[in-house]
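Chemist: Dumping the structure here so I can ask a few things about it.
The values are calculated or read from the model by the stated rules, or taken from the named source; none is laboratory data. Nothing here was measured: the structure is a model prediction, and the numbers come from that model. Note that each Cβ is placed from the backbone with ideal geometry, even for glycine, and that neighbours are counted across all protein chains shown. Heavy atoms of the whole protein, side chains included, go into the accessibility calculation; ligands, DNA and RNA do not. Shrake-Rupley method; radii C 1.70, N 1.55, O 1.52, S 1.80 Å.
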Amino acid sequence: MTIAIQGIGVSSGISTAIGKVLMLSRGSIQAEPGMVPPGDIEAEVQRFFNAVQVASRQLMDIRKEIPPDTPPDILEFIDTHLLMLQDKAISEAPAQTIRNEGCSAEWALQLRRDQLLRVFEDMEDAYLRTRKDDLDHVVNRIMVILQGEGRKDPLEIAGHVIVSEDLTPADAIMLHHRGACGFITDFGSPMSHTAILAASLGIPAVVGAHGASSRLRSGELVVVDAANGTVLADCSEQDIRFFEKRLHRERERRNALQTLRDTPAETRDGTRIELQANIELPEDVQAVRNEGGDGIGLYRTEFLYMNRDQLPTEEEHYQAYVRVIEGMDGRPVTIRTLDLGADKQCEHQPEPAACINPALGLRAIRLCLKETDIFRVQIRAILRASTHGPVRLMIPMLTNLWEARQAREIIDEEKHRLAEQGIAMDKALPVGAMIETPAAALTADAFADRFDFLSIGTNDLIQYTLAVDRADDSVNHLYDPLHPAVLILIRKVLEAGRQCGKPVAMCGEMAGTPRYTPLLLGLGLRTLSMHPASLPEVKQLIRGLDLQQLTHRVEKLLRNPSAYDLAARVEALKE
């Protein structure tokens, strides 16, 4: 009899995986107490240092494999681990223990981990206490190398469905690189690291499948049905044939989507929709061009600040921006100013006071207006780069009009300074506001009056509106893009843009989710920015829609946005 385990499906193009289970255990790797002969102490110290170096190289290699437009917190996860590997508490203290105690590298590392974990547990700050998980991940990586387990043979992973309580971003990227065909995790939400990366990598996954790691057996054949959020085991031959045929159709459909690359995203009744992409690194431009993006609607710039000892110089900013602008060959590029903050620290950043809720702390424009020297360097670089192609500047996390006024004043001051120095720039550089807080959405008319364009960042807007941590497995079911309050706020921002004659775009995850595309177009959005891999499917859907009919249907639907069947009615808009 078929066993079905329900969870949350995650997919991008391909929603089906069929393969044998490969269990990936999590938790601390334990070492046995061991002593080293006095004459071998320095060799043991060197073995430890070598393991740390190998771990660092592994993480650097994994970082290079991260797909375009992966959200910054996933990059920061890897960067945090890299920084931990450089910390003397991990990279040097165990070596001293080896010398002092004459113990093995593994035992010295475990002693150090246990000591640090006690320190984390004793911390009053809830956020800092959670960093013990990062410590465990880093120590486990070194421990695996020391114990000689090394990397699994790719043949053991290729074609398998990985089952685990949870996966780190490093795990997910490594497993994808080695041929894993699907992921199943006990925990996770649609916005968890595993879910976001699985979608970015094009791997079918079911997250939040509670009990999967205890109910499934290593080596048994399973089906990952990400379309329905279901894991199936003990399937009949007939069931397997059904899903094999579905997988074949999905692959054919994905290949067919590639033929749309150079066709416009135009509705049946002739309305052109701008489909732009979100990127993280200059290297991501190629993915945008490969998928036929009309421009870059969100260029996150945090990568310039991460995993380094010094602040990036103006010239480093400038060179990175020029690479992106010239790479887009005349298509528009929207550069978001940095969104570093209490949850996105780098070594050179001023140390903040302990923050219980980093999402509500000193971040984005709040940090920029406090540390204006950092902000001014970036503004000058963007202004200088604006001569290389169509560029727009976007400010995140605005909640108050005085923030908007101060930010505009700094931009104007830097324009004046560049002009005095005879440095070329686009003096009419458009400056926009990212609307991602309820406060900004409710006062969108005032922001529209003061900026050249608006862009709705739905990830944070939904999180803040519904008071839901989108990565928290215990409350992820409350994270609902179709909640009436969210739709009302989106509509209010669009209405503010219309009244002020200012364009409004959307650059959150919602923009790249095909099930929401008809609703967003019916609401009035004409520019959507998303992961490059989502562009073909959204484009195909748009080309089959009649916008005039759709607008009428959405207006009718939103007369009762709290209806119990709203999700089904939104889904029906695609028909």
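Chemist: Out of the DSSP beta bridges found with both residues in the chain, what percent are antiparallel (nearest 5)? Let's see the in-between values first.
Modeler: Working: 20 of 53 bridges.
If we restrict to bridges inside the chain, about 40 percent are antiparallel.
Chemist: Report the accessible area of His483, computed with a 1.4 Å probe over the heavy atoms of all protein chains in place, in Å² rounded to the nearest 10.
Modeler: 70 Å²
Chemist: As an exercise, take the mean of 1/r over every pair of distinct alpha carbons in segment 356-470, invert it, and state the Kirkwood radius in angstroms. Show your work: numbers first, answer last.
Modeler: Values: mean 1/r = 0.0666 Å⁻¹.
Kirkwood hydrodynamic radius for segment 356-470: 15.0 Å.
Chemist: Next question, about the same structure. Write down Rg/Rh for segment 168-265, rounded to two decimals, with Rg from the C-alpha atoms and Rh from the Kirkwood relation over Cα pairs.
Modeler: 1.01
Chemist: Size of the dipole of the chain about the Cα centre, Lys and Arg at +1 and Asp and Glu at -1 on the beta carbon, nothing else charged, in debye to 20?
Modeler: 1740 debye
Chemist: Straight-line reach from Lys88: which lysines fall under 23 Å, measuring Cα to Cα and dropping same-chain residues less than 8 apart?
Modeler: Answer for Lys88, where 23 Å is the Cα cut-off: Lys132, Lys344, listed by chain and number.
Chemist: So, in Å, what gap is there between the alpha-carbon centers of segment 509-575 and segment 436-471?
Modeler: Here the answer is 19 Å between Cα centres.
Chemist: Between segment 375-397 and segment 259-329, how many Å separate their Cα centres?
Modeler: Taking the Cα centre of each part, segment 375-397 and segment 259-329 sit 14 Å apart.
Chemist: Could you sort out which of Lys492/Lys556; Lys539/Lys574; Lys370/Lys427 sit more than 20 Å apart by Cα distance in this structure? Provide the component values of the computation, followed by the final result.
Modeler: Numbers: Lys492/Lys556 17 Å; Lys539/Lys574 13 Å; Lys370/Lys427 25 Å.
Violating the 20 Å limit, Cα to Cα: Lys370/Lys427.
Chemist: Read phi for every residue in segment 142-148 and hand back ³J(HN,Hα) as whole Hz from Karplus 6.51 cos²θ - 1.76 cosθ + 1.60, θ = phi - 60°, with x for Gly and Pro.
Modeler: 5, 5, 4, 5, 5, 7, x
Chemist: List the aspartates and glutamates whose Cα sits under 13 Å from the Cα of Lys20, skipping any in the same chain fewer than 8 residues away.
Modeler: Reachable aspartates and glutamates: Glu156, Glu220, Asp234.
Chemist: Assuming 0.36 nm per residue, please report the length gained on full extension of the stretch Trp402 to Glu266 beyond their Cα-Cα distance.
Modeler: Here the answer is 45.0 nm.
Chemist: For Gln30 and Gln115, FRET efficiency with R0 = 25 Å and r from the beta-carbon atoms, rounded to 0.05?
Modeler: Details: r = 15 Å, r/R0 = 0.61.
With a Förster radius of 25 Å, E is 0.95.
Chemist: Work out the charge dipole of the chain with +1 on the Cβ of Lys and Arg and -1 on the Cβ of Asp and Glu about the Cα centre, then indicate which of Leu566, Gly7, Gly508 is farthest towards its positive end.
Modeler: Most positive-ward Cα: Leu566.
Chemist: Taking amide H atoms as placed 1.01 Å from N in the peptide plane, list the residues 5 or more away in sequence, or in a different chain, whose amide H sits under 5 Å from that of Leu398.
Modeler: Met434, Glu436
Chemist: Can you compute 3J(HN,Hα) from phi for each residue in segment 268-277, using the Karplus curve 6.51 cos²θ - 1.76 cosθ + 1.60 with θ = phi - 60°, rounded to whole Hz and x for Gly and Pro?
Modeler: 4, 9, x, 8, 8, 10, 7, 10, 10, 10
Chemist: Using the Cα centre of segment 388-496 as origin and beta-carbon charges of +1 (Lys, Arg) and -1 (Asp, Glu), tell me which of Asn400, Leu494, Thr437 is placed farthest towards the positive end of the dipole.
Modeler: In segment 388-496, that residue is Leu494.
Chemist: Okay, helix-only estimate at 222 nm for the chain: each DSSP H run of n ≥ 4 adds -39500 (n - 2.57), divide by all residues, round to 500 deg cm²/dmol; what do you get?
Modeler: On the way: 25 runs with 267 residues, N = 575.
Computed ellipticity for the chain at 222 nm equals -14000 deg cm²/dmol.
Chemist: Based on Cβ point charges of +1 for Lys and Arg and -1 for Asp and Glu, what charge dipole magnitude is obtained for segment 180-285 about its Cα centre, in debye rounded to the nearest 20? Before the final figure, lay out each step's value.
Modeler: Numbers: 12 positive and 16 negative charges, 60 e Å.
Rounded to the nearest 20 debye, it is 280 debye.
Chemist: Once both labels are modelled 7 Å past Cα along the beta-carbon direction, what's the Ala359-Met60 spacing in nm?
Modeler: Between Ala359 and Met60, the label points sit 3.5 nm apart.
Chemist: Take the alpha carbon gyration tensor of segment 475-575, find the square roots of its eigenvalues, order them as a ≥ b ≥ c, and report rounded if a/c is under 1.5; if not, report prolate when a/b exceeds b/c, else oblate.
Modeler: In terms of gyration-tensor shape, rounded.
Chemist: Just by accessible area at a 1.4 angstrom probe, what is the order of Arg363, Arg241, Arg331 from largest to smallest?
Modeler: Of Arg363, Arg241, Arg331, the descending order of accessible area is Arg241, Arg331, Arg363.
Chemist: Further question on the same structure: What figure in square angstrom, to the nearest 10, would you give for the accessible area of Trp107 with a 1.4 Å probe?
Modeler: We get 60 Å² for Trp107.
Chemist: Something else: For His160, list long-range residues whose amide hydrogen, built 1.01 Å from N in the peptide plane, is under 5 Å from its own amide hydrogen.
Modeler: Cys181
Chemist: Right, something else. What figure, in Å² to the nearest 10, do you get for the accessible area of Arg323 with a 1.4 Å probe and non-protein molecules left out?
Modeler: We get 130 Å² for Arg323.
Chemist: Next up: What ranking do 375-386, 286-297, 195-206 get when scored by the average of other Cβ atoms within 10 Å per residue, highest first?
Modeler: 195-206, 375-386, 286-297
Chemist: Based on Cβ point charges of +1 for Lys and Arg and -1 for Asp and Glu, what charge dipole magnitude is obtained for segment 401-551 about its Cα centre, in debye rounded to the nearest 20?
Modeler: Computed charge dipole of segment 401-551: roughly 560 debye.
Chemist: Taking the Cα atoms of the chain alone, what are Rg (to one decimal) and Dmax (as a whole number) in Å?
Modeler: 25.0, 83
Chemist: In Å, what is the Rg of the alpha-carbon atoms in segment 423-515, and how long is Dmax?
Modeler: 14.7, 53
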